[in-house]
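Written below as structure tokens is the structure these notes are about.
The values are calculated or read from the model by the stated rules, or taken from the named source; none is laboratory data. Nothing here was measured: the structure is a model prediction, and the numbers come from that model. In this analysis, Cβ positions are derived from the backbone assuming ideal geometry, glycine residues included, and neighbour counts consider all displayed protein chains.
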Amino acid sequence: MINETILKIKENPLLYQYLKYHSYWYKILIRDNTKINEMVSMMKEEYKITVKDKIEVMSKKINMVRSLLEVFR
């Protein structure tokens, strides 16, 4: 792997953790280090930190507050 790829992995603790549990990515990254972006997107999907997931969480919180306010009326 190129040093840039290694640095990118070490800078992001979630990415480093993902790589520990999905070690098949070592082989993929050694063969083609440009696949790091694909690995990042898969990590975000697994850890639910995509924009879509953040919006869903916020929506659930708003609905909970709305329900709570309805109870107090």
In region 1-33, the residues that are at pLDDT 90 or above and outside any helix (DSSP H, G or I):
12, 22, 23, 32
Out of (1) under 18 Å from the mean Cα position of the chain (by Cα); (2) at pLDDT below 95; (3) of a type in the set (Asp, Glu), what's the single condition that is false for residue 38?
(2)
Starting from region 1-18, keep only residues that are under 14 Å from residue 37 (Cβ atoms) and touching a residue at least 24 places away in the same chain (Cβ under 8 Å), then list their pairs with residues that are basic (Lys, Arg) and surrounded by 14 or more Cβ atoms within 10 Å (Cβ to Cβ) whose Cβ atoms are within a distance under 8 Å, requiring at least 6 positions of separation or different chains.
15/8
Reported set for region 46-73 where residues are surrounded by 10 or more Cβ atoms within 10 Å (Cβ to Cβ), part of a loop (DSSP other than H, G, I, E, B) and not aliphatic (A, V, I, L, M) is 48, 50
